[in-house]
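The values are calculated or read from the model by the stated rules, or taken from the named source; none is laboratory data. What you see is a predicted model; the values in this text were computed from it and never measured. Cβ placement follows ideal geometry from the backbone for every residue including glycine, while neighbour counts extend to all protein chains displayed. Surface areas here come from the heavy atoms of the whole protein model, side chains and all, with no ligands, DNA or RNA. Shrake-Rupley method; radii C 1.70, N 1.55, O 1.52, S 1.80 Å.
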Amino acid sequence: MSQHIYDYAIVGSGLTGLICATRLAQDTKNVVLLDGLDHLGGINRPISFPTGILNNGLRFVSDSPSGRQALLFLEDLLGLKLIGETLSHPPLTFEEGKLREFVGFGDHPPEFYEQIRPLTTGQEIQTTLEPYQWTQLLQEKYQGATMPRSFVTKFQIEEGKVHQLTINGAKTIRAANVIYTGHVKQLATLLGRDALAPRVHQKLSKNVYWTALCLDLCHAKPVTESAAIHILNGTTQDEIGPCAGRFLPVVETEKGLMQASQWVTFLEEEVTEDSEIVGTALKKIKRQIKRAYPEALEGLVRERIMVAPMIGGDGELKLSGDQTVPGIENLWVASAAMSPEHGLVGSIQQARLVLASLGIDKMETESSEQEIIEETSL
């Protein structure tokens, strides 16, 4: 009995993967969406907190042409309006004993500047639905097959194509086209040395990749009415770098008024296994919050840590003009870390770019061959 061949196999069910899968399944139901987790949606999922449902980490869409373009595309796919009013909140920092407007990093930007830069714009598109709701709606609209708890461990290449995918080290599936939305670094393992030029394989393995370290706090009482992004770093430069965060609206609960806040900093992927470094970064976040708001951490109701691995990077990966891996004509790379945009916008735009390359939707590209700087998304 011959093995079933899907029209499309999409590896990774985060926002990028769900967008690709949902749009492709409008044209063919013979699509399979794979993810190593037991749920779809990746990190963009709802989190229960004492103050209500939160996004899984800080989310922000800056008001830029690219941001609006991305949301308009998602509006069309979902069939509803997402773009609300523009909120203008100049970011704040704490210097010389008081909160003041953040004007930039000056001559000492952090190494992960490109990852944190979108949070410093002060112009935000308020969306009518939270990002975790986007992925929920995409899951409802998707009409293809799903395979949760399915880690892709190998792309088997024959005659310049992905012949089949190995799942969990044993099972195999076949697809005419494969769209990869996972961590870019893992392509070195999935493809192996035979499918990639030695120089490309080495770059993928040794590039600097950034992991987002997120801290959600539930404060026992209201801290501030400010909705601005806070960029906090202390008075001295160190290897950890600044953090960014914001306080969410005050909520009345059975135990009184409470307020949640969400914070993020970035660590090199190689050090995230070092619990001491992670612990130091978390302590620094809390120390900077306490400097700006001395009573904010008193009687914390809840603390929650979330790690988003390898969401960005400083390396480069050259793709063919149609976004395929050179020499592998049916493997498209749609990782959000490949987008020159960042965060949610990068996730959406990378899906758009690959769909356009497949001839599914139109999107202007600047050149027939792109050299794209790695980045990701919360």
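For the range 110-127, backbone phi angles converted through the Karplus equation (6.51, -1.76, 1.60; θ = phi - 60°) give residue-by-residue couplings of x, 4, 9, 3, 5, 6, 8, 3, x, 6, 9, 6, x, 10, 10, 7, 7, 8 Hz, Gly and Pro being listed as x. Amide H contacts under 5 Å for F49: L54, restricted to partners 5 or more places along the chain or on a different chain, H placed in the peptide plane at 1.01 Å from N. Over all projection directions, the Cα-based convex hull of the chain averages an area of 19.8 nm².
Label sites at N168 and Q126, each approximated as a point 7 angstrom past Cα along Cα to Cβ, lie 4.6 nm apart.
Within the shell defined by Cβ-Cβ distances under 12 Å, the residues around N330 carry a net charge of -3, with Lys and Arg each +1 and Asp and Glu each -1.
For a straight C-alpha distance cut-off of 27 angstrom, the lysines reachable from K221 (same-chain residues fewer than eight places away being disregarded) are K98, K255, K283, K284, K286, K290. In order along the range 187-198, phi translates into HN-Hα couplings of 4, 4, 7, 5, 8, x, 6, 6, 8, 10, 4, x Hz, rounded to whole numbers, per the Karplus curve 6.51 cos²θ - 1.76 cosθ + 1.60 with θ = phi - 60° and x for Gly and Pro.
Surface listing: H39, H219 arranged by accessible area from highest to lowest gives H39, H219, probe 1.4 Å. Here Q237 and R199 are evaluated by their C-beta separation; at R0 = 35 Å the FRET efficiency comes out at 0.55.
Less than 5 angstrom separates the built amide H of T153 from those of T166, I167, N168, G169, all sequence-distant by 5 or more or on a different chain. Listed by chain and number, the lysines placed with their C-alpha closer than 26 angstrom to that of K203 are K154, K161, K185, K318; residues fewer than eight positions away on the same chain are left out. Amide H contacts for I83 (H built 1.01 Å from N in the peptide plane; partners 5 or more residues away or on another chain; cut-off under 5 Å): T128. Report, in degrees rounded to the nearest 10, the 0 to 90 angle that the Cα long axis of helix 15-24 makes with the longest principal axis of the chain. Its long axis makes an angle of about 40 degrees.
Here the Karplus relation 6.51 cos²θ - 1.76 cosθ + 1.60, evaluated at θ = phi - 60°, turns the backbone of the range 130-137 into coupling constants of 6, x, 5, 6, 4, 5, 4, 5 Hz, with x for every Gly and Pro. Dipole check for the chain: with +1 at the C-beta of Lys and Arg, -1 at the C-beta of Asp and Glu, and the Cα centre as origin, the magnitude is about 820 Debye. Based on alpha-carbon centroids, what's the gap between the range 54-102 and the range 266-335 in Å, whole number please? Value for the Cα centre distance between the two parts: 19 Å.
Peptides 318-326, 196-204, 340-348, 264-272 ranked from most to least packed by the mean count of surrounding Cβ atoms within 10 Å: 340-348, 264-272, 318-326, 196-204. For H108 and E85, what does the FRET efficiency come to when R0 = 45 Å and r is the distance between their Cβ atoms, rounded to the nearest 0.05? FRET efficiency, H108 to E85: 0.85. Count Lys and Arg as plus one, Asp and Glu as minus one, and take only other residues whose Cβ is under 11 Å from that of A188; the net charge is then +4. In the chain, the longest principal axis of the Cα atoms and the axis of helix 275-292 are about 40 degrees apart.
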